[in-house]
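The values are calculated or read from the model by the stated rules, or taken from the named source; none is laboratory data. Just so you know, these numbers come straight off a predicted model, no measurement behind them. Reconstructed Cβ throughout: ideal geometry from the backbone, glycine too, with neighbour counts over all protein chains shown. We work out accessible area using only protein heavy atoms, side chains counted, and drop any ligands, DNA or RNA first. Shrake-Rupley method; radii C 1.70, N 1.55, O 1.52, S 1.80 Å.
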Amino acid sequence: MFSKSELHQFHRDGIIVARGLIRGPELDALRAAADRVMADGIESQDPGQHQYRENDDGSMTYHRSEWMWGRDPIFKAVTVNPELLTRYGQLLGHTFMPIMDSFVCKIPGGDVPVPWHQDPPYGEVERVETHPIPNIDADIYLDHSTVENGCLWVIPGHHLVGHAEIDKFSEQELFEQHGAVPIEMAPGDVSFHCLSAPHGSIGNRTSTPRRTFYVHYSNEEVIDQCYRHLSYIQAREDAIGFFDDRAHSAVHDMLETREAMGYAGIEDSEVRFTDDGFEYSGDVGTPRRHWGTLIAQMSADEIENKKKLTYTSDD
Ligand SMILES: O=C(O)CCC(=O)C(=O)O
């Protein structure tokens, strides 16, 4: 469980880390499945199945896969891990469903960076305000993720101002001059990052992999008002549904998969699966539409300077 002060830190900074959330046989199974997906990505060289960077010599470097829920049951089981859902529900303050899953796989020596960005829809210049309901990715780490092997870097405190002008700066400037911090992680640690938080990472030039299983859970209103115009979201919804009967069946399948694999379910947790999705029912949570409240407390100067990445605590 997050404490009240940890929730405060998350909503202030736009990122928080929960250490050792995925453990034991569950973590072992997740890492073994990640090994299989990575081996297939490297060996198959199939752009229909995985994502590659095309190199100058025509070779392709594997760096990412989507649709992990269909690749191995453990990805479904982990998505409904009760501790993960509890933490997520505490941060959100609203009901939520799993929407997207991705696997960022920085293979040894692959050296594929992730340029600085805000996740969709906040890369769009027109997205001038952050939605009042929190919007968060859960990042489940499978390996040690360090400054050396390309850990995630985040510029804290900039997730409540909508689109930020990060494209006005070079990658080096963003790493060095705007308060960016490295988020170093260990296997089984989970970070929760706001989709609107500016973040990026360098490539992996070391001899060990750096892999992350990303799950974007979301509240329905956020999907309706921020995502419906995006073609990759429409494709996902066509395939699996988001809040309809199909999506509910998919979540029941995840819960049953988890039980069949012998891992603890949500029965003894403070998370319930309701008609509107997962809901955290404990005492230490986030008030409804909390980001709307926080945004209303910011001065126009603070918002403007954060958008331009020129904010100092005097603003
Ligand atoms: O894992 C990383 O280094 C960054 C991944 C990311 O930000 C993304 O996939 O949007």
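What per residue convex hull volume, in Å³, comes out for the range 58-112 when only alpha-carbon positions are used?
130 Å³
With a ≥ b ≥ c the root eigenvalues of the C-alpha gyration tensor of the range 105-146, is it rounded (a/c under 1.5), prolate (a/b larger than b/c) or oblate?
Verdict is oblate for the range 105-146.
Describe numerically, in nm with one decimal, the distance between label points set 7 Å from Cα along Cα→Cβ at residue 239 and at residue 148.
With each label point 7 Å from Cα toward Cβ, the separation is 3.6 nm.
With the cut-off at 1.5 for a/c, could you classify the range 210-315 from its C-alpha gyration tensor as rounded, prolate or oblate?
prolate
Direction-averaged shadow area of the convex hull around the Cα atoms of the range 1-75, nm²?
7.6 nm²
Tell me the per residue accessible area of the range 4-300 using a 1.4 Å probe; a whole number in Å² is fine.
Working: 12600 Å² over 297 residues.
Accessible surface, normalised per residue, equals 42 Å².
When the chain is modelled as a GNM with alpha-carbon springs shorter than 10 Å, which of 292, 203, 58 fluctuates the most?
58
Can you tell me what the convex hull of the Cα atoms of the chain projects to on average, as an area in nm²?
Its Cα hull, projected and averaged over all orientations, spans 15.9 nm².
With a Förster radius of 25 Å, plug the Cβ-Cβ distance of residue 56 and residue 184 into 1/(1 + (r/R0)^6) and report the FRET value to the nearest 0.05.
0.20
Can you list which of the GluC sites (Glu not before Pro) found in the range 231-280 are DSSP loop residues with at most 15 other C-beta atoms within 10 Å? Walk me through the numbers before you get to the answer.
Details: sites: 237, 256, 259, 267, 270, 279; in loops: 267, 270.
Within the range 231-280, the qualifying GluC sites (Glu not before Pro) (loop, at most 15 other Cβ atoms within 10 Å) are 267.
Taking springs between alpha-carbon atoms closer than 10 angstrom, which of 158, 290, 252 fluctuates most in the Gaussian network model of the chain?
Maximum among the listed residues: 252.
DSSP loop trypsin sites (Lys or Arg not before Pro) in the range 163-244 with at most 13 other Cβ atoms within 10 Å of their Cβ, which ones? Please report the intermediate quantities before stating the final value.
Working: sites: 168, 205, 210, 211, 228, 236; in loops: 205, 228.
Taking the range 163-244 and a limit of 13 other Cβ atoms within 10 Å, the loop trypsin sites (Lys or Arg not before Pro) found are 205, 228.
Tell me, how many Å apart are the Cα centres for the range 1-42 and for the range 207-280?
For the range 1-42 versus the range 207-280, the Cα centre distance is 16 Å.
Do any GluC sites (Glu not before Pro) in the range 130-204 lie in a loop, going by DSSP, with at most 10 other beta-carbon atoms within 10 Å of their beta carbon, and if so which?
Qualifying residues, ordered by number: none.
Hey, any idea what % of the chain's accessible area is carbon plus sulfur with a 1.4 Å probe?
50 percent
Need one word for the range 135-289: rounded, prolate or oblate. Basis is the Cα gyration tensor (sqrt eigenvalues a ≥ b ≥ c); a/c below 1.5 gives rounded, then a/b vs b/c decides.
Judged from the Cα gyration tensor, the range 135-289 comes out prolate (a/c at least 1.5, a/b above b/c).
What nm value, rounded to one decimal, do you get for the distance between residue 264 and residue 248 when each label is placed 7 Å out toward the C-beta?
Spacing of the two 7 Å Cα→Cβ label points: 2.8 nm.
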